[in-house]
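Notes follow once the structure below has been shown.
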Amino acid sequence: AEYLDLPVSLHSRGAEQDCIEIVKNFKCAGIFHSFTGNYEQAKKILDLGWGIGVNGIITYKNAENIKKVFKKILGKIPTDVDADWFYQKGVFFESDSPYLTPAIMKNKKNYPYNIKITFNFLKNLLQ
């Protein structure tokens, strides 16, 4: 990715700190896919110029820690935001299809069009 100047999708779930230490050694960027780390890790990722991927996990009842991370990173948001507003802040919506379906569709196959559920959930959480 560094040699070809291409973005990286880094599956870092549960290994964010190790991945942060690795990417610091390269001149490339991308997204920490399926981010489930803490605020300090999120801040470091964003400071390195990388993005953070959010998917259906944030809609789960047991995802209070990740909800707190996004609340702290983004704060209270305007009511008229769109996906581009989040992208500019380094937050990217992903489906992880066919897995990590939003909670209201739990135990069903996930599809990319379900990103709108995750987007609306996070938007409502922060307003």
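The values are calculated or read from the model by the stated rules, or taken from the named source; none is laboratory data. Quantities reported herein were computed from a predicted structural model and do not represent experimental measurements. Note: ideal-geometry Cβ built from the backbone for every residue, glycine included; neighbour counts use all protein chains shown. Side chains are part of the model used for accessible areas, which takes the heavy atoms of the whole protein and leaves out ligands, DNA and RNA. Shrake-Rupley method; radii C 1.70, N 1.55, O 1.52, S 1.80 Å.
Of all residues in the stretch 47-73, those satisfying the criterion of being open to solvent by 30 Å² or more (accessible area, probe 1.4 Å), touching a residue at least 24 places away in the same chain (Cβ under 8 Å), part of a helix (DSSP H, G or I) and closer than 27 Å to P98 by Cα are N65, K68, K71.
Looking across the stretch 96-127, just one residue is closer than 14 Å to F70 by Cβ and of a type in the set (V, I, T), and that is T118. Within the stretch 99-119, residues that are basic (K, R) have Cβ atoms under 6 Å from residues that are exposed (fewer than 12 other Cβ atoms within 10 Å of the Cβ) in these pairs: K109/P98, counting only partners at least 6 apart in sequence or on another chain. Every residue in the stretch 80-109 that is part of a loop (DSSP other than H, G, I, E, B), under 19 Å from I52 (Cβ atoms) and not hydrophobic (A, V, I, L, M, F, W, C), please. Matches in the stretch 80-109: D82, K89, G90, E94, S95, D96, S97, Y99, P102.
Restricting attention to the stretch 74-109 and to residues that are of a type in the set (V, I, T) and surrounded by 14 or more Cβ atoms within 10 Å (Cβ to Cβ), the residue that is farthest from I45 (Cα to Cα) turns out to be T101. Restricting attention to the stretch 52-87, the residues that are in contact with a Gly (Cβ under 9 Å, 6 or more places away or on another chain) and of a type in the set (A, V, I, L, M) total 4.
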